[in-house]
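Since every read-out is calculated from the coordinates, none of them should be taken as a lab result. None of these values were measured; they are calculated from a predicted model. Backbone-built Cβ (ideal geometry, glycine too); neighbour counts: all protein chains shown.
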Amino acid sequence: MTRYALTCGAFEIDSLPSQCQIAVCHGFYVNPAARKQGFGHVLKAEQTKVLRHLNYNFAICTVVSSNVAQKKILERSGWEFMRKFYSERQDEHVEVWGIEL
């Protein structure tokens, strides 16, 4: 796991096992003091920059369906909704999103 941090938040990137050209993005976090100020978009742009620098071809992530702010960030950043499923562990629906780099 590799964690990247900016003053506005952080994110993590891992390679999908056995598919090193696919990144699994997780741990996307915007600091509470930086929320609703556009820093989520700044953080997502930095994540995309890092993904390209690391030569990934595709990236995936998950987001709970109720997280409207995160889904807006994904949409504006060019990510596409792929699938939704019910997570018994989280007791809510989770969405899988992806982007070709």
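Some observations on this one:
- Placing +1 on the Cβ of every Lys and Arg and -1 on the Cβ of every Asp and Glu, with no other charges, gives the chain a dipole of roughly 340 debye about its Cα centre.
- For the chain: relative contact order, % (alpha-carbon pairs under 8 angstrom, 6 or more apart): 23 percent
- The Cα atoms of the stretch 48-101 give a gyration tensor whose axes a ≥ b ≥ c have a/c of 1.5 or more with a/b greater than b/c, which makes the shape prolate.
- Of all beta bridges that DSSP places with both ends in the stretch 2-100, some 90 percent have antiparallel geometry.
- Derived value for the stretch 1-42: Kirkwood hydrodynamic radius 11.2 Å. Basis is the mean of 1/r over every pair of different alpha-carbon atoms.
- Shown here for the stretch 5-80: trypsin sites (Lys or Arg not before Pro) in loop regions (DSSP other than H, G, I, E, B) with at most 12 other Cβ atoms within 10 Å, namely K36.
- Across the options W97, H41, T2, the greatest Cα extent toward the positive end of the charge dipole of the stretch 2-100 (unit charges at beta carbon of Lys, Arg, Asp, Glu) belongs to H41.
- Straight-distance candidates among the aspartates and glutamates for linking to K72, with alpha-carbon spacing under 15 Å and chain neighbours fewer than 8 residues away dropped: E80, E95.
- Panel note: the C-alpha atoms of the chain, placed on their principal axes, show extents of 33, 31, 23 Å (largest first).
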